[in-house]
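What follows is a short report on a single structure.
The values are calculated or read from the model by the stated rules, or taken from the named source; none is laboratory data. All of these numbers come straight from a predicted model, not from anything done at the bench. For accessibility, only protein heavy atoms count, side chains too; no ligands or nucleic acids. Shrake-Rupley method; radii C 1.70, N 1.55, O 1.52, S 1.80 Å.
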Amino acid sequence: MSRSILLPLATALSVFALAAPATAQQRKLTDEQKATLLERLKDADANGDGLIDKAEAEAKLPRVAKRFGTLDADGDGKLSPDEMRAAGQKMAARRTR
């Protein structure tokens, strides 16, 4: 799977993986944290299609799995980089209020 697909997912997943109390300033990821998230996503994407389905989320990304129905905006049973990015942006916006 290409890194270009995983990076947007990692950025969005950071909202879930690095959940912290709300602050006025968004948390910035270090290169090490980004690499760790990329590895988690690569590991979770068992079939290598660049998408995370419910079974993959349940197996490797429990925080994502708990919110899967909400995150899967188009209802296709898979989380795309765009859906994950949108969810991450929405959560970050709530935190800065």
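Brief remarks follow.
- Taking 0.36 nm per residue of separation and subtracting the current Cα-Cα distance, fully stretching the chain between LYS28 and THR70 would add 12.7 nm.
- Computed on protein heavy atoms with a 1.4 Å probe, the accessible areas place THR70, THR36 in the order THR70, THR36, largest first.
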